[in-house]
Amino acid sequence: MKANIGIPENHLETIGLLLNKLLADEYVLYTKTKRHHWNVEGEHFYSLHLFFDTQAEQIEGFIDEIAERTRSLGHFAEGSLRHFLELTRLLDTGKSGSKASEMIQELLQDHETIIGQMRQDIDHIGNELKDVGTSDFLTGLMEQHEKMAWMLRAFLK
């Protein structure tokens with residue numbers, strides 16, 4: 001049954017695709033964060049090991065929230081790795097080095113990519129597609145990514 005929530009079906013289709021792209025981005029970021037959690041080495045191993053795990057847990061929560069938002073709008077939430085890799089806007093070089101500063105820089109770049117994309121999507125969804133609920137939802141997620149990026153930046157100083 002289609003959602004009858006006052007948003008035209010073609011707008012819901014567009015929003016569903018944008019949310020699935022964000023879902024893919026978050027899943028790729030989650031995977032990278034866990035990879036770095038498992039493989040970090042060096043002087044700050046323990047603090048970074050815990051830090052990466054904490055960020056991965058936050059991202060895992062985002063993934064669930066985005067999937068549920070997508071479903072609440074009447075769309076299927078992607079869940080296959082193949083589809084995530086097709087939809088993501090993040091690069092995954094597959095590098096598995098253990099230099100902490102490179103790990104942090106990679107994650108920071110991904111958070112900033114997601115933040116930039118979310119800023120565009122928030123405006124488009126709220127103003128053009130007339131879904132202020134999803135726009136507000138994305139604003140909250142973006143603010144959490146901004147805080148996570150700030151914390152990553154602090155490690156690089």
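The values are calculated or read from the model by the stated rules, or taken from the named source; none is laboratory data. Just so we're clear, the structure is a prediction, and the values are computed from it rather than from any experiment. Positions of Cβ are backbone-derived with ideal geometry, glycine not excepted, and every protein chain shown enters the neighbour counts. Accessible surface areas use protein heavy atoms only, side chains included; no ligands, DNA or RNA. Shrake-Rupley method; radii C 1.70, N 1.55, O 1.52, S 1.80 Å.
Numbers for the structure displayed
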item	result
Lysines whose Cα lies under 28 Å from that of residue 21, excluding same-chain neighbours fewer than 8 positions away	2, 32, 34, 95, 130, 147
Loop trypsin sites (Lys or Arg not before Pro), the stretch 12-92, which have at most 16 other Cβ atoms in a 10 Å radius of their Cβ (DSSP)	89
Computed [θ] at 222 nm, deg cm²/dmol, the chain (DSSP H ≥ 4; -39,500 (n - 2.57); rounded to nearest 500)	-25500 deg cm²/dmol
Placed amide H near residue 131: partners under 5 Å, 5+ positions off or other chain	126
Percent accessible area from carbon and sulfur atoms, the chain, protein chains only, probe 1.4 Å	53
For the stretch 78-87, 3J(HN,Hα) per residue [Karplus equation, 6.51 cos²θ - 1.76 cosθ + 1.60, θ = phi - 60°, Hz, x = Gly/Pro]	4, x, 9, 4, 4, 5, 4, 5, 6, 8
Length added when fully stretched, residue 72-residue 54, from 0.36 nm per residue minus Cα-Cα	3.7 nm
Linear extension gain, residue 102 paired with residue 5, 0.36 nm per residue minus alpha-carbon span	30.4 nm
In sequence order, calculated HN-Hα J values of the stretch 60-77 (Karplus, 6.51, -1.76, 1.60; Hz; x Gly/Pro)	4, x, 4, 4, 5, 5, 5, 4, 5, 5, 4, 5, 5, 8, x, 10, 6, 8
Ranking by accessible area, most exposed first, for 76, 137 with a 1.4 Å probe	76, 137
Probe 1.4 Å, accessible area per residue of the chain, Å²	55
